[in-house]
Amino acid sequence: MEHTIWNPQAECMDREALEQVQLERLQMTLNLTARNVDLYARRFREIGLLPEDVRQLQDLAGIPFTTREDLIQAYPYGLFAVPLRSVVQLRLAASSVDPIVVGYTRQDLRMWTELMCRAMAAADVGRTDIIQVAFHYSQFPGAFTFNQGAESLGAVLTPAATVSGALQLKMMRDFRSTVLASTPAFALSLLKTLQEAGDGEADGRDAGGQEGAAGLHLRVGLFGPEALQTQVRALLQRGLGLRAYSVYGVAEMIEPALAAECSQQSGMHLAEDHFYVEIIDPRTGSPLPPGEEGEVVVTSLTTQGYPLIRFRTGDISRLHLAACPCGRRSARLSPVFRRSDAAVSIRGIRLHPGLVEQVVREIAPESPDFRLVIHTVHGLGDQVELILAHSKAGPLSGTTLETLRGQLRRVLGLGLRLRQAPENRLPLAGLTYKTTFQEREAPASELPF
């Protein structure tokens with residue numbers, strides 16, 4: 001089988017040559033940050049490090065981690081490595097009380113678009129495709145990169161972020177869209193819409209480019225930012241008549257396309273010429289060897305505007321160095337298994353229980369406790385319910401609840417269902433802070449096949 005590779009020189013580089021490129025680019029990044037970023041200049045001084053002291057990639061382990069708290073404290077421009085006049089785009093990495101802003105130079109955007117083209121080519125997407133981008137742009141800024149990648153690839157772009165599931169499906173049929181880019185949760189909702197319309201039978205003719213599931217012409221699905229689980233992949237492939245691929249990114253650095261699956265669907269190829277990735281023990285911070293499960297730590301190698309050194313992503317995964325039949329020689333990242341912190345993903349939006357607590361304490365300090373109940377379908381966060389404990393004075397007023405509901409939507413970027421209960425009737429919290437998960441089994445009648 002012939003495999004499409006967008007940039008063979010970079011993606012098929014042997015490991016010895018790749019590591020030399022990584023080391024050279026790492027040293028340039030260390031020099032850049034030592035000169036222009038106060039946080040790193042101070043840290044390098046504290047540990048007595050000069051950029052030229054890093055003579056091999058393993059020396060990076062002696063440099064302290066960069067955390068999300070560092071990014072918050074540096075808001076807005078404290079981590080920028082270039083003057084603001086050189087930055088052409090600013091993006092919030094997360095909607096929160098304590099925002100994080102990421103800045104990109106023109107060169108950064110060109111690099112980002114190049115990586116998106118690699119991801120699309122790896123999934124066998126090309127100039128003859130019609131790509132329907134169904135992400136919510138305000139909740140997932142990385143969706144803009146799909147647009148830029150599609151245009152650079154020469155494919156036809158169909159932005160469809162804000163339309164309903166029924167209209168999405170109509171556009172797919174009428175435009176003969178061949179590629180769907182969305183969250184896995186939204187793609188599952190399209191399956192439900194198909195079933196409700198009575199159109200939910202896949203006929204298996206999609207592989208040859210003929211009309212497939214329910215009159216659709218889809219053949220490829222590009223899914224992120226939440227992990228694409230095995231069961232969900234099978235549902236989407238059968239129900240929508242496509243092959244489903246994961247793309248991975250880090251909102252605080254580059255999202256998506258830091259890594260992406262190829263036709264083998266056996267791990268996401270990392271853009272190692274632009275990022276150096278480590279796997280560490282989340283408790284001790286010690287580096288782990290390939291194949292071991294741990295937290296993903298990423299260092300920028302070519303980023304100009306907002307370079308980060310050893311950024312702890314909070315994602316738990318594995319790194320694999322084995323050769324891939326597709327011909328790419330870059331390391332592969334397993335789908336993210338879980339988070340090392342308390343963050344959860346709801347329809348692709350990252351939610352921090354601690355952030356919910358901040359809002360509750362601000363609006364309803366009289367409530368003694370709360371629980372988040374995450375309702376999941378096929379393991380994906382679908383809905384969130386906030387259960388507030390009664391205060392001794394009685395339930396919260398309707399006005400307070402409405403104020404709380406509105407503030408939570410503004411801060412989190414999604415709506416929560418609110419209800420109240422006596423404190424002794426709150427659900428028990430699981431391993432995630434003040435959070436419990438409830439899987440809603442989808443009856444066969446709700447599945448479109």
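If only residues of the range 52-76 that are more than 19 Å from Leu23 (Cβ to Cβ) and acidic (Asp, Glu) are counted, the one that is modelled with the lowest pLDDT is Glu69.
For Gly149, the stated conditions hold: it is touching a Cys at 6+ places or on another chain (Cβ under 7 Å) and either touching a residue at least 60 places away in the same chain (Cβ under 8 Å) or buried (at least 20 other Cβ atoms within 10 Å of the Cβ) (or both). For the range 366-388, the tally of residues that are buried (at least 19 other Cβ atoms within 10 Å of the Cβ), of a type in the set (Gly, Ala, Ser) and out of contact with any Lys or Arg (no Cβ under 8 Å at 6 or more places or on another chain) stands at 1.
Within the range 61-76, the set of residues being surrounded by fewer than 19 Cβ atoms within 10 Å (Cβ to Cβ) and in contact (Cβ under 8 Å) with a residue 60 or more places away in the chain comprises Ala61, Ile63, Pro64, Phe65, Thr67.
Residues that are surrounded by fewer than 17 Cβ atoms within 10 Å (Cβ to Cβ) and closer than 23 Å to Asp341 by Cβ were ranked within the range 416-435; the one that is modelled with the lowest pLDDT is Leu431. Selection over the range 206-234 of residues that are at pLDDT below 90 and of a type outside the set (Asp, Glu) gives a count of 16. Residues of the range 337-365 that are open to solvent by 20 Å² or more (accessible area, probe 1.4 Å), assigned to a loop (DSSP other than H, G, I, E, B) and small (Gly, Ala, Ser): Ser340, Ala342. Residue count for the range 303-336 satisfying the condition of being surrounded by fewer than 19 Cβ atoms within 10 Å (Cβ to Cβ) and assigned to a strand (DSSP E or B): 2. Among residues of the range 400-420 that are in contact (Cβ under 8 Å) with a residue 40 or more places away in the chain and on the phi > 0 side of the Ramachandran plot, those with a Cβ under 6 angstrom from a residue that is of a type outside the set (Phe, Trp, Tyr) and open to solvent by 30 Å² or more (accessible area, probe 1.4 Å), sequence gap 6+ or separate chain, pair up as Gly413/Ser95; Gly413/Gln139.
Looking at the range 8-15, can you tell me whether even one residue there is in contact (Cβ under 8 Å) with a residue 12 or more places away in the chain, open to solvent by 70 Å² or more (accessible area, probe 1.4 Å) and among the polar types (S, T, N, Q)? Within the range 8-15, not a single residue is in contact (Cβ under 8 Å) with a residue 12 or more places away in the chain, open to solvent by 70 Å² or more (accessible area, probe 1.4 Å) and among the polar types (S, T, N, Q).
When His136 is tested against (1) surrounded by fewer than 15 Cβ atoms within 10 Å (Cβ to Cβ); (2) at pLDDT below 95, just one condition goes unmet, and that condition is (1). In the range 390-409, is there at least one residue being of a type in the set (A, V, I, L, M), modelled with pLDDT under 85, open to solvent by less than 30 Å² (accessible area, probe 1.4 Å) and not in a strand (DSSP E or B)? No; the residues of the range 390-409 include none that is of a type in the set (A, V, I, L, M), modelled with pLDDT under 85, open to solvent by less than 30 Å² (accessible area, probe 1.4 Å) and not in a strand (DSSP E or B).
The residues of the range 216-228 that are under 26 Å from Ala166 (Cβ atoms) and either in a strand (DSSP E or B) or in contact with a Pro (Cβ under 8 Å, 6 or more places away or on another chain) (or both), listed by number, are Val220, Gly221, Leu222, Phe223, Gly224, Pro225, Glu226, Leu228.
Please verify whether the range 334-343 includes one or more residues that are touching a Pro at 6+ places or on another chain (Cβ under 6 Å), hydrophobic (A, V, I, L, M, F, W, C) and in contact (Cβ under 8 Å) with a residue 60 or more places away in the chain. Checking the range 334-343: at least one residue is touching a Pro at 6+ places or on another chain (Cβ under 6 Å), hydrophobic (A, V, I, L, M, F, W, C) and in contact (Cβ under 8 Å) with a residue 60 or more places away in the chain.
Of the residues making up the range 234-293, those that are surrounded by fewer than 22 Cβ atoms within 10 Å (Cβ to Cβ), of a type in the set (S, T, N, Q) and closer than 21 Å to Ala122 by Cα are Gln237, Ser263, Gln264, Gln265, Ser266.
Could you list, in sequence order, all residues of the range 295-316 that are small (Gly, Ala, Ser) and at pLDDT below 95?
Going residue by residue through the range 295-316, those that are small (Gly, Ala, Ser) are 300, 305, 314.
Once the filter is applied, which keeps residues that are small (Gly, Ala, Ser) and at pLDDT below 95, the range 295-316 yields only Gly314.
Residues of the range 42-97 that are within 23 Å of the chain's Cα centre (by Cα) and in a helix (DSSP H, G or I): Arg68, Glu69, Asp70, Leu71, Ile72, Gln73. Among the residues that make up the range 283-300, is at least one of them in contact with a helix residue (DSSP H, G or I) (Cβ under 8 Å, 6 or more places away or on another chain) and closer than 25 Å to Cys326 by Cβ? No, the range 283-300 has no match at all.
Checking each residue in the range 136-182 for being more than 15 Å from Cys117 (Cα to Cα) and in contact with a Lys or Arg (Cβ under 6 Å, 6 or more places away or on another chain) picks out Pro141, Thr178.
How many residues, within the range 120-141, are under 15 Å from Leu157 (Cβ atoms) and within 18 Å of the chain's Cα centre (by Cα)? Walk me through it before giving the result.
Step one: filter the range 120-141 for residues under 15 Å from Leu157 (Cβ atoms), giving 120, 125-135, 137.
This time we only want the ones that are within 18 Å of the chain's Cα centre (by Cα), so: 120, 133-135, 137.
Residues that pass the stated criteria total 5.
Of the residues that sit in the range 77-101 and are at pLDDT 95 or above and touching a strand residue (DSSP E or B) at 6+ places or on another chain (Cβ under 6 Å), which one is surrounded by the most Cβ atoms within 10 Å (Cβ to Cβ)?
First, the residues of the range 77-101 that are at pLDDT 95 or above: 77-88.
Pick out the ones that are also touching a strand residue (DSSP E or B) at 6+ places or on another chain (Cβ under 6 Å) and you get 80, 87.
Details: Phe80: 22, Val87: 19.
So the residue we want is Phe80.
The values are calculated or read from the model by the stated rules, or taken from the named source; none is laboratory data. In this text the structure is predicted, and so the values were computed from the model without any measurement. In this analysis, Cβ positions are derived from the backbone assuming ideal geometry, glycine residues included, and neighbour counts consider all displayed protein chains. Only protein heavy atoms, including side chains, enter the accessible area calculation; ligands, DNA and RNA are left aside. Shrake-Rupley method; radii C 1.70, N 1.55, O 1.52, S 1.80 Å.
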